[in-house]
Structures are given as structure tokens and as C-alpha cells.
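Working notes, beginning with the structure itself.
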Amino acid sequence: MSDITTPTNMMYGISRLQNYSKNKFRLLPTSATTLGAYGIIQVPIVQGTIVDLSSLKCQMKVAATGSSTNGGAGDEVFARLPADVSSLIQRVEVLVNGVLVNGSSSDYNACTRLRKLCKGTFDRDQSIDRAVSHSSIIPADANETVEVLMKDWLGTLFAGGEEGASTRFLHTGLCGDITLRIQLAGNNALVGKQQGVAITDNYTTADARANAALMTYQVSDIKFSLEAVSMPPQYEMNLMAELASGGIEVAYEEMYSFPLQNITGDAFENRFSVSTRCLNQLFAGVRDANSGTTGVRAHLLPDAIGDAVVSNAMRFRCYPDATKQLSWQFSINNQKHPNYPADLIEACADTASVEDRNGVSGRGNLITSFASFKDGVGVFPLSLKHNQPTGGMPSSQMSSGLDTRSTNMSGTVELRGMSTPTADAASGETAVRSCLVCAVSLPLMMINVGKSVSISF
């Protein structure tokens, strides 16, 4: 009888993982329990266990406070929270046995925003993210107090399996203490709502604008949770053997940010340099130079589906000029990417291809119209890594991004054919822009005998 190939969905066998269990643990911060803008949250991670890095969650109550200090009742400005709890995070640092493995970006919220516009999906944004992570700006004539939960840790060890990371499970008994430090964002993350005025309209008086600049927020009731698993004894024996034979390698995500200020005119170059073993992706975004100013009005995206209001701090624009052809291009060590100046609609399309969402079955992202892309959710993306199948075995993971360690890396992103905005005191818009480049890399953490940890960035 000849052998036949049997489809997997017609097979009856099933394997069994013996002596397996998992549970969820509460983690409490060692820092202050009530914090304001730029405050630091610090929490130790469960020791001596196998933790699911991707399961880390942070719950907190956020209370935003507006102002009625200036003017009369109609000048009062209420404080509303921005879209996505990650907008309230300025920096994320992770230390493993005292070694800093994450923390290279001081623009964590903006980098995460650029990436989520490409990486996120509409169905998640409109479901679980809306339910627990405040994925949309909610207009109301009231200061906002809400409990939120952060569950996505892009660009950190806790991304757990994103972008080619070698594992989502880490045995903390092998590497020593792990500490997570989170620095909160400034008050500029907040969105002002003047009494009786639409959240996206200009403040109607100078007193209202003055009140908007006084908005503040506090976080309290901070607590974390993390899942840990128990494996059969043979698993730990295998890890110990690997440790003794040369160490354990863990690939994980890191992000770098490169801001350029005081952009005027119709063209600019933002220069950056990062020395890394594996440069996976680049994202560039342009916004008003006042993105760090508290109280600038929110903006209503044109022709958007779903969340149509964006905060000023996270409004990334393309500034197209009706009389010119806007073009963009990255350069790395004099190698152009793409090798021609690309136009604006290509950038919009590349927000999908940068996450390998090509083809008719490819998933969409958070960009729902070309008009809104140009006016508030614009991203200029570049992928430098090989696209791999998702959901494969760990042995299939590989580092394929650009190695920039052997060269004095010189990178630029260049935009040409932009319009120059007109300064407007009522809307808060200035005639000056800024650019942010986010670089995503895949460092390698080496764990050796004696809980010795070293990093190859």
C-alpha cells in the first residue's frame, strides 16, 4: 500500500503537554502611588518564574483637570484624555539584573503612535482598545476621570514575540531582577474642551486659551499584572544545559527617536544615526512645532472612519502643497530607500506593506482615508527586514534587518514639496514644523551562568 499525504485537518492525533500550569500575579509599584506629569512609575517583575512577557498589563486611574482661572464661565476649559493610554507615556525603561535593555527613546508615545497607525487594526481599535485603553477622544463639558489599562509595550522586552523577537516567555530565575520604569508624559498630551464649544473648534477667547494652557492630570491606583507558567522539569533542565554550553540569547525590540525642530520652508532633511546589529524599520512623521505645548486644540480629521478626532500632540501631517509634488525618501549610508523620490500616496500604501499586509487578504490598519492620512495620521515608513511567516516555530525566527555596527552609520529622511502653514493664534497653529524619526531595532540579550547579562544593541 502506497503512502498518502493526509491534510492536517483530517488527522486525529493530539499531543499533550504534561505538568503545565499558569497563573496571573499582581505586581505593585515601588514608586509613589499618585503621580503627575513626568512622574516615574517603577515596578519589579516576579522573580524565579517563567513569565509571559506579552501578558504584562498596567491599570491606573487617570484624572484630568481643566481650568476656570481666567475669564468667566464661558471661558472654562475642561481637560479630556488623548486617544490611547500609551499617549501618556514619555519613556519606558527596562533593566535586567541592573543592565539597561530598553530606554533609548524619549518619545515613546509618539513613536508608538506612528507604529500603531501602521500596525494597529480597525476592529481592535473599535473593540477591546476602546473598552479598556481609551482608544478615542471623548468630547464632553466635564473633566475626565477614567480607569485605563495599558497592554501593548511596543519597542520593549515586553513586546513579547513582536518583530522577530526570539521568545515571549522568559525564565526570570536565569537572568536576575527585572525592573520596569515608566516616565509619564507632559500635560501637552491632554485635550482641551471649552465650555459650549466643539472640541475641535478654536478657543473663542484669549481667556479660554489661557485656561487651556493650565490643564493638568494625575494618575493613581497603579497596579500591574503578569502571567507566569510552570513547565515540566525537562524544560528547565534543557535551559540549564543551554546556559552551561554558551549562554542563552534573547532577541527583543528597542526603539530610538530622532527629533528635528524648527523646520521652515518647503523641504528638509532629518539626519539620524543608530549603531545596531539589526535595524528593522524606520518611521517618520511631521507635526506642528507646538506639539509640546499644553492646550492647543484637537483636530477633526476629514473623511475619517471611526476615530476622527486627534490631539495636537499626536497629529502627524504631510503638509502637501497643491502646486508642488510632495516627495519623500530615506537614505542609509548613501543608499536610497526607495531608490527614487516616492510620492505621497505611496507612503500611505506603504503603511500596510511595512507590516507585510500585502495582497487582497492582508489586514488593514488605522488609516481609513487618504484625506485623513494627509491631514493628521501621516506616516512615512520603511522596512529593512525580511518578511517572515507569522505563527511559526521559534526556530524559524531570524534577524534580517540592516547591521549598522561596522560603519559610521549616516541616515536621513528627506521631504520636498511641502506647504508652509500660516500661524494662527486662535487655532494655536504655527508656521514652524518638527519631524520625528523612529527606528526599530532587534538587540540581543545574552544570559550567562551566574545571571550575568550583556546586551548587543
Taking the range 321-339 only, how many residues are part of a strand (DSSP E or B) and either over 18 Å from E269 (Cα atoms) or of a type outside the set (A, V, I, L, M) (or both)? 10
Within the range 281-292, can one find any residue that is in contact with a strand residue (DSSP E or B) (Cβ under 8 Å, 6 or more places away or on another chain), exposed (fewer than 15 other Cβ atoms within 10 Å of the Cβ) and touching a residue at least 60 places away in the same chain (Cβ under 8 Å)? no
Considering only the range 374-384, I want to know if a residue exists there that is closer than 13 Å to F283 by Cβ and of a type in the set (D, E). no
Listing of strands (runs of 3 or more DSSP E) fully contained in the range 1-81 that carry 2 or more residues being under 30 Å from S166 (Cβ atoms): 21-27, 40-44, 50-52, 57-65
Given the options L114, L149, name the one that is modelled with pLDDT of 95 or more, farther than 28 Å from L282 by Cβ, outside any loop (DSSP other than H, G, I, E, B) and among the aliphatic types (A, V, I, L, M). L149
Taking the condition basic (K, R), surrounded by 13 or more Cβ atoms within 10 Å (Cβ to Cβ) and modelled with pLDDT under 90, does R357 pass? yes
Search result, residues across the range 2-22 that are loosely packed, with under 10 Cβ neighbours inside 10 Å and within 33 Å of the chain's Cα centre (by Cα): S21
Specify the residue that is surrounded by the fewest Cβ atoms within 10 Å (Cβ to Cβ); the eligible residues are those in the range 188-198 that are within 29 Å of the chain's Cα centre (by Cα) and in a loop (DSSP other than H, G, I, E, B). A198
Sort out which residues of the range 199-257 are surrounded by fewer than 14 Cβ atoms within 10 Å (Cβ to Cβ) and part of a loop (DSSP other than H, G, I, E, B), and write them in order of number. P232, S245, G246
Filtering the range 431-455 down to residues that are touching a strand residue (DSSP E or B) at 6+ places or on another chain (Cβ under 6 Å), polar (S, T, N, Q) and over 24 Å from S383 (Cα atoms) yields S454
What number of residues within the range 123-152 are surrounded by fewer than 15 Cβ atoms within 10 Å (Cβ to Cβ) and of a type in the set (S, T, N, Q)? 1
With respect to A349, determine if the residue is without any contact (Cβ under 8 Å) to a residue 12 or more places away in the chain and either among the hydrophobic types (A, V, I, L, M, F, W, C) or closer than 19 Å to D123 by Cα (or both). yes
Considering A347, A371, A342, which residue is part of a strand (DSSP E or B) and modelled with pLDDT of 95 or more? A342
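Condition check ((1) touching a residue at least 40 places away in the same chain (Cβ under 8 Å); (2) among the hydrophobic types (A, V, I, L, M, F, W, C); (3) more than 23 Å from A185 (Cβ to Cβ)) across all residues:
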{"position": "S273", "(1), (2), (3)": "yes, no, yes"}
{"position": "N312", "(1), (2), (3)": "yes, no, no"}
{"position": "R315", "(1), (2), (3)": "yes, no, no"}
{"position": "A322", "(1), (2), (3)": "yes, yes, yes"}
{"position": "I332", "(1), (2), (3)": "yes, yes, yes"}
{"position": "P341", "(1), (2), (3)": "yes, no, yes"}
{"position": "I345", "(1), (2), (3)": "no, yes, yes"}
{"position": "G362", "(1), (2), (3)": "no, no, yes"}
Checked the range 38-52 for anything buried (at least 16 other Cβ atoms within 10 Å of the Cβ) and either out of contact with any strand residue (DSSP E or B) (no Cβ under 6 Å at 6 or more places or on another chain) or of a type in the set (D, E, K, R) (or both); matches are D52
Only listed residue being in contact with a Ser or Thr (Cβ under 8 Å, 6 or more places away or on another chain) and at pLDDT below 95, chosen from A304, A298: A304
Taking the criterion of being surrounded by 19 or more Cβ atoms within 10 Å (Cβ to Cβ), part of a loop (DSSP other than H, G, I, E, B) and aromatic (F, W, Y), would at least one residue in the range 157-176 satisfy it? no
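The values are calculated or read from the model by the stated rules, or taken from the named source; none is laboratory data. Since this is a predicted model, take the numbers as computed values, not measurements. No Cβ is skipped: glycine too gets one built from the backbone with ideal geometry, and neighbour counts run over all protein chains shown.
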